[in-house]
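This report concerns only the one structure given below.
What follows is calculated from the coordinates using simple rules that are stated; it is not laboratory data. Note that the coordinates shown come from a computational prediction; the quantities given were computed from them, not determined experimentally. Don't worry about glycine lacking a Cβ; one is built from the backbone with ideal geometry, like all the others, and counts go over all protein chains shown.
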Amino acid sequence: MRFLLPALLFAFAASAQYNYPQDYFRSPMDLPVHASGTFGELRTNHFHAGLDFRTKQKTGFPVYAVADGFVSRIRVSAYGYGTALYIDHPNGYTTLYGHLESYSKKIDDWVRAKQYEKQSFDLELFPKPGEIKVTKGEIIALSGNSGGSGGPHLHFEYRDTKSEMIINPLHFGLNKKMKDTKAPDIKGLMGYPLGNDAVLNESQKPYLLNLKLQKDGTYLADKIYAKGNIGFAIQATDKSTGSSGANGIYKAELFYNGTSAFSYKFDTFAFDESRYVNNFIDYKNWYITGQRFQKLFIKTPYPLSLLKVNKTNGQFSIIPGEVKNFRIEVSDFHGNMSIINGSIEYSDKPASVLESKTITPYFVKAGNDHIFTKDNISVFVPANAFYEDFYMDFKVKDGELHLHNASVPVHTAVTVSFDVKHLSPEVLKKTFIASNTGKRISYNNSYMEEGRLTAKVKTLGDLTLAQDTIAPKIYGPDFNEGEWLSEKSSFSMKMSDDLSGIATFDAWLNGKWALMHYDYKTKTIRHSFSDGIVAEGRNDLKVVVTDNVGNSATFETHFFRTQNTTAVEKEK
C-alpha cells in the first residue's frame, strides 16, 4: 500500500493537463494548509466541493482575497456555508469563502444595510460587477464556524465563472503548500456478484475480501473463485502531512488483465452532480454499517462526469477456462499510490450464501414515472428518482404510510400526498406530513395542492400526519431585565422548537426592526450594538419567533444602555 510515485512530477502533470494558473492566486489564509476536508471527499448526499483549511480550532483568523476581483455574490444563512462570500476574478475564475465569522468592514457595512432594508438575517445578494472591488491580499473576512460547519475552519472553492463547474483547489498551486508524502490507506475491498446467476466465493451477496501486505508495499487479495459478472468497491482514505483526520482520495483506477476498465479523478464536477455520491458508493452498506465503499463499476448508467469506464462499465464476466488478473491503483493528488493485485478463477460451485429478494406488487422501474395509491394516500415517483429498479415496499396502515426504508437512496424528490378532508380548517393549519423513525418525528415542508396535503421527500421510510400546537420557546437571555448593558458589545438569547421547527424570527428595539444573527447549532440569536440602532437610556426589546405551522412566541423585556463613558462609570 506504500507505493510512492514521484510526487512533484505527478502533481505538475495534473495541473499542466488542465492548464490552470499556478502563481496567479495566493492562499486565502496565512496558516499552514492542513486540510480537514479535501475536494471530492465523500459526504452525506454530496461530494465535498472545496478545500477545508484548519484554523487551530479557533475562529477569527484573517481571510484574504486570493487575487484582484469583485464581490459577485453574498450569501448569509444559518445553514449550509453560513456566512459566505463569492469573488469573481478577471481571469475567468470565481473563489468562494464559506463558514465565515464576519466580513471586512466595507463588505459588512454593505451587507448589513441590505439586511435592514429587507428586514432579514438570511439573504442572498448579487452586487453589480465592480460595485465591491477587492485586491489580492486584502482582508475580506475573518474565519468562523457559521452555517452547517462541524467546527472552526475555512471552506474554500474554485469555480469556473462561466460554466460554474467546481474545480479542485490543489490545481491552482495550493498543492505546493499542502505537503503529503503518505500513500492513501486502503481499508477494505468488496467483491460484488452482479446478476441473477453470478456467484463470488460461493456467495450471492457482496463479499469482503482479505488483503495481505507484500514486501514491496502493495497488497495481494486472496484468490477469488466466481462465475458470472462481478465488480469491486474500495474503502479508502488519505491523510496529508499535519492533518489528523482521514480525507478523501484523488484518483482510483481498476485494470483487468492490464487494461483500464474503470477510473475516476476528482478534478472538476458540476454542482448538480453532487448528489450522485449516493450511487457512487455502496449506499446500502453505508446505511447499515456507516462505511463508504466506492464502487468501481456501474450497474445502471448515470451521468457523473468524473467517471471513465469501458464498454462493460467496470464489470467483467468470469467464464470457464479463464483466470483474470485485476489491479487497483489508488492515488492522492501528490502522486502517492496504494496498489491491490489479485486474480479471479472460474468456479461453478453453487452459492451457499443466498441473496434474499422480496417481491412486492410495486415494481419501480427507475427510468419511468410511477403513481401508487392506497387508502387515500398517494405517492408519485418521477423518472430517475432512483438509481436502479427495485420492488418497493408500499403499505398503508392506520393512516400511516410505510414507504420502503431509507436503505434505498432517493435522487429526485418523491411526492407524497394525504387526503385531509376529515380535518377541520383549524386542525389542518397545524398539520404537516412527518417522517417517523419510531424514535422521533421530523417535519417535511407541507403544502396544499388540489385539496390534498403534499410534501416532497428525499428519504424513504414511514410518513404520517402530525400536528404541532406548541409554540416555540424563547429563553436564556444573557442579561437581566432592567440591566445596564453599556459595557457589552451585544446581547443574546436562545430559541428552540420541538416539532415543526423554526420558520422565522424577528426582533424590535423601541419599535424599530433589529438584526439578530442566528446560530442553529447553539440555538442562539444575537444582536450587535454596532448596528447603531440602540437608544440612549432605556431600550424596549420585543422578540417574536414562529414555527413552520404558524405557532408563535413573543418575548418582551427592557434594558438600559448609554454611550456616555462618564455615565458608565457612575453605573459601576
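The table below lists the values:
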{"quantity": "The chain, dipole about Cα centre (Lys/Arg Cβ +1, Asp/Glu Cβ -1), debye to the nearest 20", "calculated": "1000 debye"}
{"quantity": "Extension gain, Glu449 back to Arg43 (0.36 nm per residue minus Cα-Cα distance, nm)", "calculated": "142.8 nm"}
{"quantity": "Near-label residues of the range 411-452 by backbone N, under 19 Å of a point 7 Å along Cα→Cβ of Lys397", "calculated": "434-441"}
{"quantity": "D_trans [Stokes-Einstein, Kirkwood Rh over alpha-carbon pairs] for the range 3-176, 20 °C, 1.002 mPa s, µm² s⁻¹", "calculated": "129 µm²/s"}
{"quantity": "Spatial extent of the chain: Rg and Dmax, with the Cα atoms as the point set, Å", "calculated": "27.8, 97"}
{"quantity": "Calculated [θ] (222 nm, deg cm²/dmol) that DSSP helices of n ≥ 4 give over the chain, each run adding -39,500 (n - 2.57)", "calculated": "-2500 deg cm²/dmol"}
{"quantity": "Label-point separation in nm, Lys114 to Glu426, each point 7 Å along Cα→Cβ", "calculated": "4.4 nm"}
{"quantity": "The chain: angle of helix 105-118 to the longest principal axis, Cα-based, in degrees nearest 10", "calculated": "80 degrees"}
{"quantity": "Geometric extent, Cα atoms of the range 416-568 - Rg, Dmax (angstrom)", "calculated": "19.9, 67"}
{"quantity": "Estimated inter-spin distance, Tyr346 and Asn257, nm [label 7 Å along Cα→Cβ]", "calculated": "1.2 nm"}
{"quantity": "Residue order, fewest to most beta carbons within 10 Å, for Ser72, Ser407", "calculated": "Ser407, Ser72"}
{"quantity": "Residue among Gln315, Pro303, Ser260 farthest towards the positive dipole end of the range 233-317, charges placed on Cβ", "calculated": "Gln315"}
{"quantity": "Principal semi-axes in Å for the range 185-346 [√(5λ), Cα gyration tensor, largest first]", "calculated": "24, 19, 15"}
{"quantity": "Theoretical gain in end-to-end length, Asn196 to Ser552 [0.36 nm per residue, Cα-Cα removed]", "calculated": "122.5 nm"}
{"quantity": "FRET efficiency estimate (nearest 0.05) - Cβ-Cβ, Lys521 to Tyr24, R0 25 angstrom", "calculated": "0.10"}
{"quantity": "Size-normalised alpha-carbon gyration radius of the range 147-190, reference 2.2 N^0.38 Å", "calculated": "1.62"}
{"quantity": "Among the listed pairs Lys133/Lys176; Lys58/Lys118; Lys458/Lys521; Lys494/Lys542; Lys357/Lys439, those beyond 20 Å (Cα-Cα)", "calculated": "Lys133/Lys176; Lys58/Lys118; Lys458/Lys521; Lys357/Lys439"}
{"quantity": "Estimated FRET transfer efficiency (Phe560, Lys56; beta-carbon r; R0 30 Å; 0.05)", "calculated": "0.20"}
{"quantity": "Mean shadow area of the range 312-405 over all directions, Cα convex hull, nm²", "calculated": "11.1 nm²"}
{"quantity": "Residue pairs, from the table Lys239/Lys523; Lys223/Lys295; Lys106/Lys488; Lys311/Lys456, whose Cα atoms sit over 25 Å apart", "calculated": "Lys239/Lys523; Lys311/Lys456"}
{"quantity": "Normalised per residue, the volume of the convex hull around the Cα set of the range 363-467 (Å³)", "calculated": "95 Å³"}
{"quantity": "Cα lying deepest toward the dipole's positive end in the chain, options Thr415, Met337, Tyr518, charges on Cβ", "calculated": "Met337"}
{"quantity": "Dipole in debye (nearest 20) - the range 473-571, about Cα centre, beta carbon charges: Lys, Arg +1; Asp, Glu -1", "calculated": "120 debye"}
